[in-house]
């Protein structure tokens, strides 16, 4: 199945703004309100939008509601990896919660506890926290991403946060920022003096998976054309084959995506490419089954991983990884770091022929690709 039509800007799915009372007079919030031109509801300082129905089954309706509020917790923290699987020492910059797109496999359905979108407007606190963390360890190299709890660019036409982040990172020598998306909202990245400190990244998948399981996302061709445009603007790129999903014709599907990738995007612009087979919290299966009754991949055979998530059997993961790695190596630059997201050393050795520690550790492998 080919994904032929695009939803367009996923921010267009939002039909109502909710603004926390203590944010209403904040200049940044006022900018977003004026730009959006949507009906506005003011909620209490710790209030919440009133979305009919029970979570998570009201998520589709909830994704039409965007709450502008303050983050009262930490903006900057390590990626929540697990010690049982090899982690890349990624650092998460939390700019908001939830996403207007709707992927069947999205772990946020089982992780969050509210259906609406949130965006944190107290960016002065975000940058102060970054200053403190990066200044405290000037000899350490940080790889930072904003795509853990939301899509990095899906709401960027409303928030215009990306230029603030890119300009900030341009002045930082001990860090790079990764903006990861399934949208093509890249207009705000044009013309910025990024100094090579920002990477723009896209999640990719087999065409049938993208068409059936990734709702309101950009098509494969749109993502690749956006990546090629960012490369022309001088940005380094990254791609993530995650989650890799077993389906009829999976070999042809992933092969097709990889060939289209390297036919469209200059290989030397790609800093890293990750691979990760489908893994999910057990509670996600029931949620996805009720929200997306036409989707079937959760009914395949899985085992319980050491991190409590369901995973394909090791032999199946190795088969898929070997096939995809072989295809990637046909075209990828030798400088591009191809790696696993959250796999153990046994799988690394079976697929790559080495474990990360043999190469100085996974963080060092990734650092070398961008430093």
Using mean Cβ contacts within 10 Å as the protection proxy, how do 127-135, 269-277, 149-157, 251-259 order, highest first?
149-157, 269-277, 251-259, 127-135
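When a/c reaches 1.5 or more, the comparison of a/b and b/c decides; with that in mind, is region 305-348 rounded, prolate or oblate per its Cα gyration tensor? Mind dumping the intermediate values first?
Numbers: a/c = 3.17, a/b = 1.90, b/c = 1.67.
It is prolate, given that a/c is not under 1.5 and a/b is the larger ratio.
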Rounded if a/c is under 1.5, else prolate if a/b beats b/c, else oblate: with a ≥ b ≥ c from the C-alpha gyration tensor eigenvalues square-rooted, which is region 108-259?
prolate
Rank the residues 248, 307 as a footprinting-exposure proxy: fewest other Cβ atoms within 10 Å of their Cβ go first.
248, 307
Ranking of 202, 233 by count of other Cβ atoms within 10 Å, fewest first
233, 202
222 nm mean residue ellipticity, helices alone, for the chain (DSSP H n ≥ 4; -39,500 (n - 2.57); rounded to 500):
-9500 deg cm²/dmol
Given 103-116, 309-322, the highest-first ranking by average Cβ count within 10 Å works out to 103-116, 309-322
With just the Cα atoms defining each centre, how far is region 295-371 from region 9-28? Give it in Å.
39
What residue among 164, 177, 284 shows peak mean-square fluctuation when the chain is described by a Gaussian network model with Cα springs under 10 Å?
164
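Ranked from highest to lowest mean number of other Cβ atoms within 10 Å per residue, what is the order of the peptides 237-245, 191-199, 118-126?
237-245, 118-126, 191-199
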Please work out the Kirkwood hydrodynamic radius for region 96-166, using every pair of different C-alpha atoms, and report it in angstroms with one decimal place.
14.0
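We did not get these values from a lab; they are worked out from the coordinates using the rules stated. Being a predicted model, the structure only gives us computed values, none of them experimental. Counting neighbours? That spans all protein chains shown, and the Cβs are built from the backbone with ideal geometry, glycine included.
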